[in-house]
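Here the structure is laid out as C-alpha cells; the discussion comes afterwards.
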Amino acid sequence: MHNPSTIPTLPAARKFVDDIRALYAQGLDQETLWAGIKEAMAPLLADPGLKKSSKTWPLTVEDAPRVKNLLFYEDPDYGFVFNATVRKAHSVTSIHDHGDIWTLYGIIEGNETMNRFDRVDDGPRDEGPATLKQVGTGKIGPGDIDAVPPGKIHQEQGGPTNSMAFIVRAQKAGTFKQHGYNAETGEVKVNNGPALIPYALEPA
C-alpha cells in the first residue's frame, strides 16, 4: 500500500511540495499563506505530467453521500495533504463544509458547478435545525482553483463529463470534524469527511 508520507515522484508535484513548505516556513498568517499556495498551485494544474497521470486515477465520487478522495501525500512537518477526486458526470455532493481548515480545489479536466451557502440561523454549529441561504453559484473548469476558507458551506455538482480535481487541505480528513446539511429538513450531521484511498502520485 502507498505510504502517504512519501513525497510524490511526479516532478511538478514534488516542486509543489517544496513551494508549500517554503511558504509555511515563513510563518505567514493563514490568508496570506493560502493565497500563496493557490498561486503556486496554478502551474501544477497546467502540468502535462499531472494531466496524463490523472487519466489513470480511479473514480471516487459517484453521488452523495458516497464520496472518497485519493490521498497522495501528507506532510510530516506541517500536516497539509494532497488529495484528488474523480467525479462522475452529473453527480451532486451533499451540502457541506470542511470544518475549521482551508481547502484549495483545482480542476484538471472537466467542469463543475459550485453552489455556496450561508447558515443564517443562530443555532449551535454542530446542531440543527439549520437554515441555509444560497448566496452564490459558479462554474469552474480546467485551471480554475476554488479556495474554501474554514467553515464555508458549499456543494459541488458534476458537469456533462467526468471531472478530475486536485485538492490541497490544511489537514487530513478524519483528523477534524466536518458538517453535512440537509437544506430541506435543517438536519446537521457531524462527520469525518471523505474516505481516503492512499494512492501514489507518479508519472503515468
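The figures follow:
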quantity: Test for Pro124: is it over 26 Å from Thr85 (Cα atoms), surrounded by fewer than 16 Cβ atoms within 10 Å (Cβ to Cβ) and without any contact (Cβ under 8 Å) to a residue 24 or more places away in the chain; calculated: yes
quantity: Residue count for region 127-175, restricted to those that are loosely packed, with under 13 Cβ neighbours inside 10 Å, among the acidic types (Asp, Glu) and closer than 20 Å to Val92 by Cα; calculated: 0
quantity: Selection count, region 87-102, where residues are crowded, with 23+ Cβ neighbours inside 10 Å and either in contact with a helix residue (DSSP H, G or I) (Cβ under 9 Å, 6 or more places away or on another chain) or closer than 22 Å to Lys51 by Cα (or both); calculated: 1
quantity: Residues of region 176-197 satisfying the condition of being of a type outside the set (Asp, Glu), out of contact with any Lys or Arg (no Cβ under 8 Å at 6 or more places or on another chain) and either loosely packed, with under 14 Cβ neighbours inside 10 Å or without any contact (Cβ under 8 Å) to a residue 12 or more places away in the chain (or both); calculated: Thr185, Lys189
quantity: Residues of region 154-196 satisfying the condition of being of a type in the set (A, V, I, L, M, F, W, C) and either more than 19 Å from Thr137 (Cα to Cα) or under 15 Å from the mean Cα position of the chain (by Cα) (or both); calculated: Met164, Ala165, Phe166, Ile167, Val168, Ala170, Ala173, Phe176, Val188, Val190, Ala195, Leu196
quantity: Enumerated helices (runs of 4 or more DSSP H) restricted to region 1-85, each holding at least 1 residues that are touching a residue at least 60 places away in the same chain (Cβ under 8 Å), under 21 Å from Gly193 (Cβ atoms) and not β-branched (Val, Ile, Thr); calculated: 30-46
quantity: Ser53 being over 13 Å from the mean Cα position of the chain (by Cα), buried (at least 18 other Cβ atoms within 10 Å of the Cβ), modelled with pLDDT of 95 or more and farther than 17 Å from Val148 by Cβ; calculated: yes
quantity: Residue within region 177-195 that is under 27 Å from Lys15 (Cα atoms) and touching a strand residue (DSSP E or B) at 6+ places or on another chain (Cβ under 8 Å) present; calculated: yes
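The values are calculated or read from the model by the stated rules, or taken from the named source; none is laboratory data. Bear in mind the structure is a predicted one, so any value in this text is a computation, not a measurement. Backbone-built Cβ (ideal geometry, glycine too); neighbour counts: all protein chains shown.
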